Amino acid sequence: MPLRSETKIPVIIPFYRHKEKLDRCLAHLAAQTRDVEPVVIDNNVENRYFTGAVNLGLKTCLRSSSSYYVILNQDMYLAPDAIERLADFLDASPGCGIASPLQLAVETAGHVDFAGGLDAFPVGSYISGPRAAFTEDREVYWAGGACMMLRAEMVREIGLLDPNLRFLGSDSDYCFTARVRGWATWVVARATGQHEAGASTANQPDPVLERVKTDDILYFAGKWLTGDLYRRLAYEGSKLDPSHVASLVEHFQGVRKLLTDRMPG
């Protein structure tokens, strides 16, 4: 959908089933203390999955003059000042490319379900605990796609989300890509929202979706963990096996240590 005002912060919302959750999400956006512009991507006729919908939204956002864009799940209900808190943090932190709120539990009062990502493979593990334990902003390995504010400058530099990760992993993958390019990811303690995790797929077994998830996990492993993607794309990669790569890495680590030991001071 077109943006009505370039002064507002665009909020990309992939929408799939459960319109009552989308309506609740939009109601929370309407109550924000910072002007926003919802960009709803309807996946009900053509299911682009999470990443395809976000990338379509980002292409729309790139036409705006906003300094920031937000990715938001339809089942994420932001506190009224959440967008303002995230934007204020990015305003004050030029090296941060991605800012995310605390994700509060819906059914357990005073509990934080997500305060930053730890393990990303195979399905992710998170920092969580009582709300009182999270009083300071913190730099994290990766943020969750339920809500991420992206710096527009960073998006223009590093591009869109990896479309090979259609449903799982594109959030952590994007954070890793940003970090490789020098952009940090932070969780902002004073920005909060309630997340009904898994609400878009709950009670709806879908073998096609499960296959997509499995494909995502395998692609993520090949991209970041095993070197399979490099071996498929590079001339010299096709001639390497994992054991040989490991021995080469060990060799160059030894060379680096030797050179470091010889450096003055």
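No lab work stands behind these numbers, since they all come straight from the coordinates. Keep in mind that this is a model prediction, so the values were computed, not measured. With ideal geometry, Cβ positions are generated from the backbone for all residues, glycine too; neighbour counts draw on all protein chains shown.
I'm trying to understand the selection: among the residues of region 58-73, which are polar (S, T, N, Q) and buried (at least 22 other Cβ atoms within 10 Å of the Cβ)? Step through it out loud before you land on a result.
If we filter region 58-73 for residues that are polar (S, T, N, Q), which is where we start, we get 60, 64-67, 73.
The one that is polar (S, T, N, Q) and buried (at least 22 other Cβ atoms within 10 Å of the Cβ): Asn73.
Restricting to region 37-57, name every residue that is surrounded by fewer than 19 Cβ atoms within 10 Å (Cβ to Cβ), among the aliphatic types (A, V, I, L, M) and over 23 Å from Asp215 (Cβ atoms).
Correct list: Val40 only.
Could you grab me the full set of residues in region 12-63 that are among the small types (Gly, Ala, Ser) and closer than 19 Å to Thr192 by Cβ? Even if it seems obvious, please write down each step before you answer.
Of region 12-63, the ones among the small types (Gly, Ala, Ser) are 27, 30-31, 52-53, 57.
Ala27, Ala30, Ala31, listed by residue number.
Checking Leu168 against (1) assigned to a strand (DSSP E or B); (2) of a type outside the set (Asp, Glu); (3) under 11 Å from the mean Cα position of the chain (by Cα), which test does it fail?
That leaves (1) as the condition not met.
Which members of region 32-73 meet the condition of being part of a loop (DSSP other than H, G, I, E, B), within 20 Å of Ala99 (Cβ to Cβ) and more than 17 Å from the chain's Cα centre (by Cα)?
Our first condition is that a residue be part of a loop (DSSP other than H, G, I, E, B); within region 32-73, this holds for 32-35, 43-48, 62-67, 73.
From what's left, within 20 Å of Ala99 (Cβ to Cβ): 32-35, 62, 64-67, 73.
Answer for region 32-73, where residues must be part of a loop (DSSP other than H, G, I, E, B), within 20 Å of Ala99 (Cβ to Cβ) and more than 17 Å from the chain's Cα centre (by Cα): Gln32, Thr33, Arg34, Asp35, Leu62, Ser64, Ser65, Ser66, Ser67.
Only residues that are part of a strand (DSSP E or B) and either out of contact with any His (no Cβ under 9 Å at 6 or more places or on another chain) or surrounded by fewer than 17 Cβ atoms within 10 Å (Cβ to Cβ) (or both): list them for region 74-122, please. Show your work before the answer.
Kept after step one, since they are part of a strand (DSSP E or B), are these residues of region 74-122: 76-78, 96-104, 111-114, 117.
Across region 74-122, the qualifying residues are Cys96, Gly97, Ile98, Ala99, Ser100, Pro101, Leu102, His111, Val112, Gly117.
Please tell me if Thr226 is within 30 Å of Ala79 (Cα to Cα) and of a type outside the set (A, V, I, L, M). Break it down into steps so the answer makes sense when it comes.
Details: within 30 Å of Ala79 (Cα to Cα): no; of a type outside the set (A, V, I, L, M): yes.
Judged against the criteria, Thr226 is not a match.
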